[in-house]
Amino acid sequence: QVQLVESGGGLVQPGGSLRLSCAASGSIFSISAMGWYRQAPGKQRELVATIISAGSTMYADSVKGRFTISRDNTKNTVYLQMNNLKSEDTALYYCNARVRTMATMRFSDYWGQGTQVTVSS
């Protein structure tokens with residue numbers, strides 16, 4: 001099995017910064033894409049940013065220029081640096097990883113439990 005553990009959420013004032021981390025562990029053979037999604041109350045889960053193993057990234061238009069996604073392949077960890085946070089960034093942030101497990105040698109999607117980010121004065 002594979003586990004994703006997120007950390008780094010919290011309460012921050014508008015204009016502030018937070019850094020989220022997500023570490024994958026378990027029976028991992030390889031990880032292709034890793035990413036962050038978020039879900040605000042009453043809204044659908046949406047993509048925030050993704051990064052593939054080679055380093056290419058993709059961002060939602062709403063976070064371009066403010067958020068940066070990165071990963072450490074040696075640690076199976078993905079990060080999300082969030083700057084100039086706005087109230088509309090308030091949401092539960094989920095980590096996602098597409099993992100090829102040693103047991104099946106097939107790719108499957110795994111999710112973390114979520115970490116809350118609240119932007120408020």
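Treat every Asp and Glu Cβ in the chain as -1 and every Lys and Arg Cβ as +1, leave all other atoms uncharged, and give the resulting dipole magnitude about the Cα centre to the nearest 20 debye. With Lys and Arg at +1 and Asp and Glu at -1, about 160 debye. Placing a pseudo-label 7 Å from each Cα along the Cα-to-Cβ vector at Thr68 and Glu88 gives an inter-label distance of 2.4 nm. Obtain the nm distance between the two label points defined at Glu46 and Thr118 by a simple spin-label model: each point lies 7 Å from its Cα along the Cα-to-C-beta direction. Output for this residue pair reads 2.1 nm.
Note on the chain: dipole from Cβ charges, positive end direction compared against Ala24, Ala103, Val48; the farthest Cα belongs to Ala103.
Below 8 Å, C-alpha to C-alpha, sequence gap of six or more: please give me the relative contact order for the range 36-94 in percent.
On the way: 76 pairs, mean separation 20.5, N = 59.
Computed value for the range 36-94: 35 percent relative contact order.
Show me the ranking of peptides 84-92, 99-107, 28-36 by mean Cβ neighbours inside 10 Å, starting with the highest.
Averaged packing, sorted descending, gives the order 28-36, 84-92, 99-107.
Remark: relative contact order (the chain) = 37 percent; criterion is Cα-Cα distance under 8 angstrom and separation of 6 or more residues.
From the alpha carbon centroid of the range 91-118 to that of the range 21-60 is 7 Å. Placing +1 on the Cβ of every Lys and Arg and -1 on the Cβ of every Asp and Glu, with no other charges, gives the range 17-84 a dipole of roughly 140 debye about its Cα centre.
For the chain, the antiparallel share of DSSP beta bridges with both residues in that region comes to about 95%.
Counted residue by residue at 0.36 nm each, then reduced by the alpha carbon distance between them, the extension gain from Asp109 to Asp61 reaches 14.9 nm.
Of the solvent-accessible surface of the chain, computed with a 1.4 Å probe over protein heavy atoms with every protein chain present, carbon and sulfur atoms account for 48 percent.
The values are calculated or read from the model by the stated rules, or taken from the named source; none is laboratory data. What you see is a predicted model; the values in this text were computed from it and never measured. Glycine gets a Cβ as well: all are built from the backbone with ideal geometry, and neighbour counts include every protein chain shown. The accessibility values were calculated without ligands, DNA or RNA, using every heavy atom of the protein model including side chains. Shrake-Rupley method; radii C 1.70, N 1.55, O 1.52, S 1.80 Å.
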